[in-house]
Amino acid sequence: MSSTPYKMIALDVDGTLISSGYTVSSRTRQALRKAIEMGLIVTLATGRFWGSAVRIAKSIPVNAPVVSNDGALIKDVHSGKELFYRPLSLEVAKHVLKGAGRYPSFEVQIFLKERKIFSGTAYWKMQLRRYFRSAKRFSFLGFYNYMKDFVLLPVENAGSLEGALKLLKEAPTKIVISGNPEEIREFSKELTKDLEDGIYITSAIKDSIDILEGSVSKAKGLEVLSGILGIKREEIIAVGDNFNDLEMLRFAGLGVAMGNAPETVKQKADFVTAKNDEDGVAFLVESVLFPDRRTKIYTGATPTG
């Protein structure tokens, strides 16, 4: 058993657990397996769609239910049992989509439990464009992972926002809108004014917003999951790299930002580990299991081994 005061490590995925080439290093996998062997709970807290989150979770592996969709859905990885679900109301979702229709630059993804609705005509093309813009390191494994996680998913191409509205028959888990940054900011202000506490707006990708039910966040997801597992918040380590991670970093006993996180996120964290392309998660986990190494790892900059 580990002598650490922490009992659970909750990891963001994109920009945290995985590299910019969409792979998980062998060192990171080994560190997480060691953490589990020494009695720690390892889980994910991600903005990803459940189908994508569960593939990553099984490959790491994790040993607890996973928080997906920015906290809106928690399910057991192996049984598929749903432990928590809090979608946007259908009425609010339709209000958001109607408002988004005033902005021609917007691309909209509607996350449902088992599938997505895309406002365009070719979801796969949009995702491939995003891959080639974002992937800093190309590998066949990374490309395969990206295809599995973002392209080869059950998606309906609505052809337009009007078409998406017609297809939307159930309360969605969340809505993701991408577009012109000025229009995104303007629309965010409009929604906040119109819907106030009825929605929660966050962001994990540049020029994009995630819109969720007002009480939902990764922090809320961790609160629910830790309650189920009988773990106190001060016994949780949360690790992330972006603005949708801020609340869970504040909630956890130890909030850790990645070295590649924006400065605002780093400033709000308790500690900063290495970048995702420098095995930052492995650095962190090794420091938890072997506290004598901690001063080498938590430097607020790129740590040295």
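Rule-based calculations on the coordinates, nothing more; no lab input. Here the structure is a predicted model, which is why all the values come from computation and not from measurement. Cβ: placed from backbone, ideal geometry, glycine included. Neighbour counts: every protein chain shown.
Going by alpha carbons, how many degrees (0 to 90, nearest 10) lie between the helix axis of 50-59 and the longest principal axis of the chain? Relative to the chain, helix 50-59 is tipped by roughly 20 degrees. Name the most mobile residue of ASP194, ASP12, ASP277, meaning the one with the largest mean-square fluctuation, in a Gaussian network model of the chain with Cα contacts below 10 Å. Result: ASP194 has the largest fluctuation of those listed.
So if R0 is 22 Å, what FRET efficiency would GLU156 and ARG102 give, r being the distance between their Cβ atoms, rounded to the nearest 0.05? Display every interim value, and only then the final one.
Working: r = 23 Å, r/R0 = 1.03.
Working from the Cβ atoms, E equals 0.45.
Across the options THR28, VAL281, LEU11, the greatest Cα extent toward the positive end of the charge dipole of the chain (unit charges at beta carbon of Lys, Arg, Asp, Glu) belongs to THR28. Amide H contacts of ILE41: MET8, ILE9, each under 5 Å away and 5 or more positions distant or on a separate chain (H built 1.01 Å from N in the peptide plane; Pro and chain starts excluded).
Relative to the Cα centre, what is the charge dipole magnitude of the chain, using +1 at the beta carbon of each Lys and Arg, -1 at the beta carbon of each Asp and Glu, and rounding to the nearest 20 debye?
On the way: 42 positive and 36 negative charges, 152 e Å.
For this selection, approximately 740 debye.
Modelled label positions at ARG133 and SER203, each set 7 Å beyond Cα in the direction of Cβ, lie 1.3 nm from each other. For the chain, the longest principal axis of the alpha carbon atoms and the long axis of helix 280-289 meet at an angle near 40°.
Under 5 Å from the amide H of GLU213 lie the amide H atoms of LEU88, TYR200, each residue being 5 or more positions distant or on a separate chain, with H modelled from the backbone and absent for Pro and chain starts. Using θ = phi - 60° in the Karplus curve 6.51 cos²θ - 1.76 cosθ + 1.60, the 3J(HN,Hα) couplings for segment 160-173 round to 5, 5, 4, x, 5, 4, 5, 6, 6, 10, 9, 4, x, 5 Hz; x is entered for Gly and Pro. Between ARG115 and SER3, the modelled labels are 5.5 nm apart [label points 7 Å from Cα along Cα→Cβ]. Simple point charges give the picture: +1 on the Cβ of Lys and Arg, -1 on the Cβ of Asp and Glu, and for segment 90-213 a dipole about the Cα centre of about 640 debye. Pairs spanning more than 22 Å between alpha-carbon atoms, out of LYS148/LYS169; LYS174/LYS220; LYS189/LYS275; LYS116/LYS189: LYS148/LYS169; LYS189/LYS275; LYS116/LYS189.
The long axis of helix 90-100 is offset from the longest Cα principal axis of the chain by roughly 70 degrees. Take 201-213, 36-48 and order them by the average number of nearby Cβ atoms within 10 Å per residue, most first; the result is 36-48, 201-213.
In order along segment 66-82, the Karplus-derived 3J(HN,Hα) couplings, from 6.51 cos²θ - 1.76 cosθ + 1.60 at θ = phi - 60°, round to 10, 8, 10, 6, 6, x, 7, 9, 10, 9, 6, 5, 8, 8, x, 5, 7 Hz, and Gly and Pro are given as x. Annotation for LYS193 and LEU141: the two label points, set 7 Å from Cα along the Cα-Cβ direction, are 5.0 nm apart.
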